Structures are given as C-alpha cells and as structure tokens.
1. Quick one: what are the phi-derived ³J(HN,Hα) couplings along the range 136-142, Karplus 6.51/-1.76/1.60 with θ = phi - 60°, whole Hz, x for glycine and proline?
2. By how many degrees, 0 to 90 and rounded to 10, does the Cα axis of helix 62-74 deviate from the longest principal axis of the chain?
3. Taking the 0 to 90 degree range and rounding to the nearest ten, how far is the long axis of helix 3-30 tilted relative to the main principal axis of the chain, both from C-alpha atoms?
4. Please name whichever of Thr114, Val51, Leu4 sits farthest to the positive end of the charge dipole of the chain, dipole taken about the Cα centre and charges placed at Cβ: Lys and Arg +1, Asp and Glu -1.
5. Could you tell me the relative contact order of the chain? Use alpha-carbon pairs under 8 Å, at least six residues apart, and round to a whole percent.
6. Which of Val78, Val60, Val51 has the fewest other C-beta atoms within 10 Å, and how do the rest follow up to the most?
7. Along the charge dipole of the range 38-152, pointing to its positive end and built from +1/-1 on Cβ of Lys, Arg, Asp and Glu, which listed residue (Val73, Asn85, Trp149) has its Cα farthest out?
8. If I take R0 = 25 Å and measure r between the Cβ atoms of Ala35 and Thr139 in this structure, what FRET efficiency does the formula 1/(1 + (r/R0)^6) give, to the nearest 0.05?
Amino acid sequence: MTSLAQTLHEWMRIIMRHSMRNFILYAKEKNYSMAQLNALFRIHHKGACGVSDLGEEMGVTSAAASQLLEKLVQQGLVIRSEDPNDRRNKLITLTAEGQRIIQESMAARQGWLTRLAELLTSEEQEQVNAALQLLIEKTALLDAETAAWQGD
C-alpha cells in the first residue's frame, strides 16, 4: 500500500470515528434508535416511498418496517398517506419535524469538521481545500467508471 493510500485509510478511520461518535451521541440524547434514524435518512434520500420499498431498502421485512414506521408516525416524524397511483398502498413521507431531526443529526455528525477547519491557518485551509477538490474530481471519475461497468 502506498503512503498516500495509508494516509487516506487513516483519515477515513478518523472521520468515521468522530462522525459516528457524534451521531450516536445525538441519537442517545434525543432517544432515537439507530434503526429509526436509518429509516428517516432513507425516506429523506428516497422521497415518498412505500412500506415494502423502505423495508427492502433497509434489509428488513415489510412487517418489521411497518412496525418501525408506526413508532415514527406516533412520534410525528413521518406521515402515511394514500398512494394516488394505488389506493391499496400507503406512501411514507417525512414531516417538518422529521426533516428537522435529519438536519440536526447531520449537523451533529459534521460539527467537528468545522472545529477542525478553525484549527487550520488560512494557508493550510487553502492547501487542504485544493487537495480535497482534487479528490472530489477523481472520485467523480471512479463513480462514472463504476456506473459504466454496472450499466447504469
């Protein structure tokens, strides 16, 4: 493994440790389970979706997803409404409170990055920014290669 690859691995370890620690602390403080937050994030990213779609996305049965969603409905974080395309199905969407929880949890995960950036001098911030922009560009190339390989 190259020196750069080792450094990237170490950086990822640090990011994940800080990010997940703050996310878990947020969940405990607000009394949400990781499964509940996972469901909220999946609904946030997917948009309105059905119970079976959410269950499939989360890797659980529709019954388990339905049970989890019932608690989220009771907490006022999601709403179930009739699917206009198929009245037998229900669509799940986030409420304003559910959206707020998503925003707060993301801020909790990422807050330490702001503090880290403040520790850097202006020159260091420019150097890190340039390096990260380059990594973002190269990642886009990898994503394009993966999409082409998978036939997306």
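Values quoted throughout were computed directly from the atomic coordinates according to the rules given, and no laboratory measurement underlies them. Quick caveat, the model's predicted, so the values are computed rather than measured. Quick reminder, even Gly has a Cβ in these numbers, built from the backbone with ideal geometry, and neighbours come from all protein chains shown.
1. Residue by residue, the range 136-142 yields 4, 4, 5, 4, 4, 5, 4 Hz.
2. Between the helix axis and the principal axis of the chain, the angle is about 90 degrees.
3. 40 degrees
4. Ranked along the dipole, the leading option is Val51.
5. 22 percent.
6. Val60, Val51, Val78
7. Val73
8. 0.30
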